[in-house]
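The values are calculated or read from the model by the stated rules, or taken from the named source; none is laboratory data. What you see is a predicted model, and the numbers here were worked out from it, not measured in a lab. Methodologically, a virtual Cβ is constructed for each residue, glycine included, from the backbone with ideal geometry; neighbour enumeration extends over all protein chains shown.
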Amino acid sequence: MGDSRLILALDVYERERALQIARETADYLWAIKVNWPLIIGSGLGIVTELKEETGLPVIADLKLADIPNTNRLIAGRVFEAGADYIIAHSFVGSDSVRAVMELGKTIIVVEMSHPGAREFIQPVTDKLIELANHLKPFGVIAPATRPERVAYIRSKLKPGIKILTPGVGAQGGKAGEVLKAGADYIIVGRSIYASENPRESVRRIYEELEV
Ligand code: XMP
């Protein structure tokens, strides 16, 4: 649906299963996010196939964290395969992020949703937000597990830079709360693809976001 704010994290290995879930859920999605499990299991061609099959944007969540040249070599092939967005780590510095941004739309990580994010990432989030405000990527990743952090990041981030939040469902985040805190898009994986009826699960979350 054109107005959807929901992104499916399609973290399965198998090509057929991925395409099947994508077809079943596409009506309720803004975009599909692919991560290493699916790329390792099915090959990079899955990006092209998912786009052809659903017509939705594809986000390649590679969390690139390398030197500029290697980031460029990887991102070049992934954008060529049809990815509309690539997720990159920003802690490696602005030159590495710029290398990806020069090739296509980029989303950078400023904080993560798992408990360990408190150890190293959260202490430098302010600096990563500064970097985002300077480079102006399409968006940043912020943790749905901590709505107060989403609100904080929104308050510091320049308008126009989108906030995408994983961590709803399996990791404990609540979709409604995170949207209220300022997220633009919600990323959901296991609660949809690992459920008995992915279409029903995605519909329920979609409707929760509409109210
Ligand atoms: P689940 O199954 O937990 O899947 O709904 C979430 C998806 O999002 C990714 N993920 C993150 N990516 N920063 C990121 O850049 C994060 O804080 C984060 N938390 C979850 C995860 O890899 C999976 O694809």
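For the condition within 13 Å of the ligand (Cβ to nearest atom), modelled with pLDDT of 95 or more and more than 20 Å from Q171 (Cβ to Cβ), what is the one hit in T54, T106, T125, T48?
T106
Residues being over 14 Å from Y185 (Cα atoms) and of a type in the set (S, T, N, Q): count how many of those fall in the stretch 146-166.
Qualifying residue count, the stretch 146-166: 1.
Mind checking which residues of the stretch 171-211 are among the small types (G, A, S) and closer than 20 Å to V109 by Cα?
Taking the stretch 171-211 as the starting set, the residues that turn out to be among the small types (G, A, S) are 172-173, 175-176, 181-183, 189, 191, 194-195, 201.
Matches in the stretch 171-211: G172, G173, A175, A181, G182, A183, G189.
Can you report the number of residues in the stretch 162-207 which are in a helix (DSSP H, G or I) and within 14 Å of the ligand (Cβ to nearest atom)?
Total meeting the criteria: 10.
Check A117, A88 and return the single one that is within 14 Å of the ligand (Cβ to nearest atom) and closer than 16 Å to K33 by Cα.
A88
Can you tell me which residue is surrounded by the fewest Cβ atoms within 10 Å (Cβ to Cβ) among those in the stretch 165-197 that are in contact with a Pro (Cβ under 6 Å, 6 or more places away or on another chain) and farther than 14 Å from Y28 by Cβ?
So, considering only residues that are in contact with a Pro (Cβ under 6 Å, 6 or more places away or on another chain) and farther than 14 Å from Y28 by Cβ, the one surrounded by the fewest Cβ atoms within 10 Å (Cβ to Cβ) is E177.
Kindly establish whether E210 is more than 12 Å from the ligand (Cβ to nearest atom) and at pLDDT below 95.
For E210, the condition - more than 12 Å from the ligand (Cβ to nearest atom) and at pLDDT below 95 - is met.
What pairs come up if the first residue lies in the stretch 167-190 and is in contact (Cβ under 8 Å) with a residue 24 or more places away in the chain and on the phi > 0 side of the Ramachandran plot, the second is more than 6 Å from the ligand (Cβ to nearest atom) and outside any helix (DSSP H, G or I), and their beta carbons are under 7 Å apart, counting only those six or more places apart or on different chains?
G167/A144; G167/T145; G167/G173; G172/T145; G182/I163
Read through the list (1) closer than 24 Å to E207 by Cα; (2) buried (at least 16 other Cβ atoms within 10 Å of the Cβ); (3) of a type outside the set (S, T, Y), then give the number of the only condition that A99 fails.
(1)
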